[in-house]
Structure formats: structure tokens, C-alpha cells
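Undergrad: I am attaching a structure below and will ask some questions about it afterwards.
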Amino acid sequence: MVTYRGRVGVIEVDGPHHKGRASADKSRERLLRNAGIHWVDRIDVRDSTSKQEVERLVTNFLHRLTR
């Protein structure tokens, strides 16, 4: 969970165990949005292998959160 400029968002990091769980993930995202979370984003753990890549993903998340 991230709070930034008065807004709240969630970043979920998905590993290989998330394969075939799209329906459960969507249900959880809906619960979060209904609870007032402004933005929910999913990141594949394989896309976060370097510090530079993680920083890019978080920067993009913060940009979308404040739209």
C-alpha cells in the first residue's frame, strides 16, 4: 500500500504462483477499489530484477496514482 499526495494505491507483486489466478486477482482488486483505493497495479516479479526497473515501475505507478 502506498500513500502519495493524498491518494492511496496498491502495488501487488505477482510471482509464478499467480498463473491461472486472474479471477481471484480481479476480485481482490475490486474489493480494494470499493474500499477507496485509487489505483491498483500488478507487477510481475520477473520484471523487477534490477533497481532501475523497479524505480521505473514505481515512478509510473505514482504518476498514474496522481492522475
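The values are calculated or read from the model by the stated rules, or taken from the named source; none is laboratory data. All values derive from a computational prediction rather than experimental measurement. Neighbour counts run over all protein chains shown; Cβ positions are idealised from the backbone, glycine included. To get the accessible areas, we keep the full protein, side chains included, count just its heavy atoms, and leave off ligands, DNA and RNA. Shrake-Rupley method; radii C 1.70, N 1.55, O 1.52, S 1.80 Å.
Undergrad: Tell me yes or no: at least one residue of segment 25-35 is open to solvent by less than 100 Å² (accessible area, probe 1.4 Å), modelled with pLDDT of 90 or more and polar (S, T, N, Q).
TA: Checked against the condition, which is being open to solvent by less than 100 Å² (accessible area, probe 1.4 Å), modelled with pLDDT of 90 or more and polar (S, T, N, Q), segment 25-35 yields at least one hit.
Undergrad: Surrounded by 12 or more Cβ atoms within 10 Å (Cβ to Cβ) and either modelled with pLDDT of 90 or more or small (Gly, Ala, Ser) (or both): is that true of Asp47 in this structure? Show your work before the answer.
TA: Values: surrounded by 12 or more Cβ atoms within 10 Å (Cβ to Cβ): yes; either modelled with pLDDT of 90 or more or small (Gly, Ala, Ser) (or both): no.
Here the answer is no, as Asp47 does not meet what is asked.
Undergrad: Also, quick follow-up: Consider segment 1-56. How many of its residues are in contact (Cβ under 8 Å) with a residue 24 or more places away in the chain, within 16 Å of Arg67 (Cβ to Cβ) and basic (Lys, Arg)?
TA: 2
Undergrad: Can you tell me which condition Thr66 does not meet? The list is (1) open to solvent by 50 Å² or more (accessible area, probe 1.4 Å); (2) free of Cβ contacts under 8 Å to residues at least 60 places away in the same chain, and all the others hold.
TA: (2)
Undergrad: Which of (1) without any contact (Cβ under 8 Å) to a residue 40 or more places away in the chain; (2) touching a strand residue (DSSP E or B) at 6+ places or on another chain (Cβ under 8 Å) is the odd one out, the single condition Thr59 does not satisfy?
TA: Of everything listed in (1) without any contact (Cβ under 8 Å) to a residue 40 or more places away in the chain; (2) touching a strand residue (DSSP E or B) at 6+ places or on another chain (Cβ under 8 Å), Thr59 misses just condition (2).
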